[in-house]
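J.: The structure is given below, and queries will be raised subsequently.
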Amino acid sequence: MSKEKIKTIATSHFNEFGYEGTKLSQIAEEVGIRKQSLAYHFPNKRVLFQEVYKEAVDDEVQFIQQYFQQHGEELIEQQLYQFLTEHKERFLTNPNTKLMLTISFLVPDEMHEDVIQKPYRYIDVLTAALESCFAKQTFRIGAKECALAFVTLLDGLDVQLVYEDSQRYEKLQEIAWDIFWTGISL
């Protein structure tokens, strides 16, 4: 039994049942240990959640940094549209991405102080990476404004993933992207 296995199963439970519906006893059972053994690593659900949520945000920050480093030579339009697509795929396939986005929208009351600031790190890193992209080309508005508009576009699409489904995301991605790109282009 490892701490990593506990966190993996806990992430799955937080995604499926939310913070309030997740039970340490169910996590321990799925891991194959007693609840008392789980407490050796995580004294309570709050500590466990704090650790898995922080790691989820860290993973997404790392994804952003790697994505823009790997795709930096592509045309900006292609690079950013593909980012929207990969972002959706990560939500659908990566439990950490799903946890970060879902909890960012549906903050558990008792975890508000623990959660509310962490997504801002993600947004700050994303905004800075986007601003660097937009600074490479001339647009109707400045690079910072373009970056903020893109983050707003992404935020609106994320609502579709959390509250609706991926098909709605894809449909609105097409529409919103066309309006966004047309709006910032000269």
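The values are calculated or read from the model by the stated rules, or taken from the named source; none is laboratory data. Note that the coordinates shown come from a computational prediction; the quantities given were computed from them, not determined experimentally. Every residue, glycine as well, gets a Cβ built from its backbone with ideal geometry; the counts of neighbours run over all protein chains shown. Ligands, DNA and RNA are stripped out before the accessible areas are found, and what is left, the full protein with its side chains, is counted by its heavy atoms. Shrake-Rupley method; radii C 1.70, N 1.55, O 1.52, S 1.80 Å.
J.: Among the lysines, which fall within straight-line cross-link reach of residue 98, defined as a Cα-Cα distance under 25 Å, with same-chain neighbours fewer than 8 residues apart omitted?
T.: 3, 5, 7, 23, 45, 54, 88, 118, 171
J.: At a 1.4 Å probe, what is the % contribution of carbon and sulfur to the accessible area of segment 1-140? Kindly include the intermediate steps, with their values, before the conclusion.
T.: Numbers: 3570 of 7490 Å².
Heavy-atom surface of segment 1-140 belonging to carbon and sulfur, 1.4 Å probe: 48 percent.
J.: Please give the net charge around residue 126, taking every other residue with its beta carbon less than 12 angstrom from that of residue 126, where Lys and Arg add +1 and Asp and Glu add -1.
T.: Numbers: positive: 121; negative: 60, 124, 131, 155, 158.
Its environment carries a net charge of -4.
J.: May I ask for the angle, rounded to the nearest 10°, between helix 3-21 and the longest principal axis of the chain, with both axes built from Cα atoms and the value confined to 0 to 90°?
T.: 80
J.: With θ set to phi - 60°, apply the Karplus curve 6.51 cos²θ - 1.76 cosθ + 1.60 along segment 160-168 and write out the HN-Hα couplings as whole Hz, x wherever there is a Gly or Pro.
T.: These are the phi-based 3J(HN,Hα) values: 5, 5, 6, 9, 10, 7, 5, 5, 5 Hz.
J.: Here's another thing I want to ask about it. Using Cα atoms only, what is the angle between the long axis of helix 76-93 and the major principal axis of the chain, expressed in degrees (0 to 90) to the nearest 10?
T.: Computed tilt is about 20 degrees.
J.: When only Cα pairs under 8 Å and 6 or more residues apart are kept, what is the percent relative contact order across the chain? Mind showing how you got there, number by number?
T.: On the way: 161 pairs, mean separation 36.7, N = 186.
Value for the chain: 20 percent.
J.: Same structure, new question: Size of the dipole of the chain about the Cα centre, Lys and Arg at +1 and Asp and Glu at -1 on the beta carbon, nothing else charged, in debye to 20?
T.: Working: 19 positive and 29 negative charges, 110 e Å.
That gives a dipole near 520 debye.
J.: Right, here's the next one. Against the longest alpha carbon principal axis of the chain, how many degrees, from 0 to 90 and to the nearest 10, is the axis of helix 95-105 turned?
T.: 80
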